[in-house]
Amino acid sequence: MNAISLTNTEYALNTLYILLSGAFVMWMAAGFAMLEAGLVRSKNTTEILTKNIVLFALACIAYLVIGYTLMYGTGGSDSFADDADFFFQSVFVATAMSIVSGAVAERMKLLAFFVFAVVLSAFIYPYQGGWSWGGGFLAEAGFVDFAGSGIVHMAGAAAALAGVLLLGPRRGKYKDGKPTAIPGANMPLAALGTLILWFGWFGFNGGSQLAIHDIDNANAVARVFVNTNSAAAAGAVGALLITVLIWRKADLTMIVNGVLAGLVAITAQPLTPAPEHAAIIGFSAGLLVVISIITLDRIRIDDPVGALSVHGVVGFYGLMLVPLTDTNAAWSTQLLGAGAIFGWTFATSLAIWYLLKVTVGIRVSEEQEYLGGDISECGVEAYPEFTSSTKR
């Protein structure tokens, strides 16, 4: 095989790998939709599904028109190579916006949410993403975030936190100052969503190697897959053990968040740890996420799906663990990167949420919240046979 043919083959193989990895990450949109649909009440199921489908569409369009150019300094259709990279990066920005969806569930207006989705995808996320993945000052400083524990997950949580603080908790969540459990409607859906996310994460982390054309890259992808899986599995075990210790029960909602916590924690650097170290990272993340969910609930920060803990607290934790296995990373630089990403995303998101609050409003009325988003925002009930208005 001559040099030109070899180059063409490597190019085709790498391009195909990036595109397939992007398709894996796109499938995570289904995972977020199913997870959130399972963890909200039945009266808000159609509304949360609508949010997840439309946010993905809006994120892709906003990133195509503005975001990709802002992040990388080039358009998404300048060349076939840019097309592959654009597709892979666009599903990442949609993932960041999906994190916001769960945290503000059951009380946010659809219009406000959709407007924010456009702003985050076109400006907020790409601007900070350019600091690292776009070759900006964080990349020059040596900040390491292999697949986006901070750039994607913590950024999404920072945007969500700003919205949650302005929204306030769901009605009935806190009685006499104490948190009251509001159970989700469909645990099978929540479990299915978690398994879809687990599957899609192999594209999220594995695809971030960006090449598979030779022995070194192929081995690197294999190690990323193994470490991603090990961290997720150990995260589930960690969450299971701590819930049994605290409540003497195997709480499925905490276990699924343990899986996701393990995945988020290893995302910052899934290549350099040994598989057993990846399992330790995931296990500790599973413990941490349960403690974080309990703590946020006690200080009256209402997060129906645990997104702030999974993606924010654990995202930061994952960034700070990188220097343990990656000699190219330093704790000071990791802290700088985490602070810059969180500070920028939280501040700009808070400003946008506030502008939306004083203009179109961000929270549904008390009556609409009581009826649920399916009726008040969508006009289509997910489970009509269970409602008194449609029973025969």
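The values are calculated or read from the model by the stated rules, or taken from the named source; none is laboratory data. Small disclaimer: the values here were computed from a predicted structure and weren't measured. Note that each Cβ is placed from the backbone with ideal geometry, even for glycine, and that neighbours are counted across all protein chains shown. With ligands, DNA and RNA removed, areas are computed over all heavy atoms of the protein, side chains included. Shrake-Rupley method; radii C 1.70, N 1.55, O 1.52, S 1.80 Å.
Counting every alpha-carbon pair across the chain, the share separated by more than 28 Å comes to 43%. Need the list of lysines near LYS173 for cross-linking: C-alpha distance under 24 angstrom, and skip anything on the same chain fewer than eight residues off. Output for LYS173: LYS43, LYS51, LYS109, LYS249, LYS357.
Carbon-plus-sulfur accessible fraction, the range 243-330 (probe radius 1.4 Å, protein heavy atoms only): 66%. Spatially, the range 245-309 and the range 164-189 are offset by 19 Å when compared through their Cα centroids.
Extension gain, ILE61 to LYS175: 0.36 nm times the residue separation minus the Cα-Cα distance gives 36.8 nm. The mean sequence distance of close C-alpha pairs (under 8 Å, at least 6 residues apart), as a share of the length of the chain, puts its relative contact order at 26 percent. Distance between the modelled labels on ALA23 and PHE114, one decimal in nanometres: 3.0 nm (7 Å Cα→Cβ projection).
Extent of the range 291-331 along its three principal axes (Cα atoms, max minus min coordinate, largest first): 39, 15, 11 Å. Taking a straight Cα-Cα cut-off under 15 Å and skipping sequence neighbours fewer than 8 places away in the same chain, the aspartates and glutamates within cross-link reach of LYS175 are ASP297, ASP302.
Sorted from greatest to least, the principal axis extents spanned by the alpha carbons of the range 1-53 come out as 62, 14, 7 Å.
Taking label points 7 Å from Cα along the Cα-to-Cβ direction, ASN328 and GLU366 give a separation of 5.6 nm.
Peptides 295-306, 142-153 ordered by packing proxy, namely the average of other Cβ atoms within 10 Å per residue, highest first: 142-153, 295-306. So for the range 200-294, considering every pair of alpha-carbon atoms, how many percent are separated by more than 20 Å? When all Cα pairs of the range 200-294 are counted, 36 percent exceed 20 Å. Estimated at 0.36 nm per residue, the fully extended path between LYS249 and ILE291 surpasses their Cα-Cα distance by 13.6 nm. Entry comment: accessible area of the chain is 41 Å² per residue, from protein heavy atoms only and a probe of 1.4 Å.
Relative to its residue count, the range 1-122 spans a Cα convex hull of 89 Å³ per residue.
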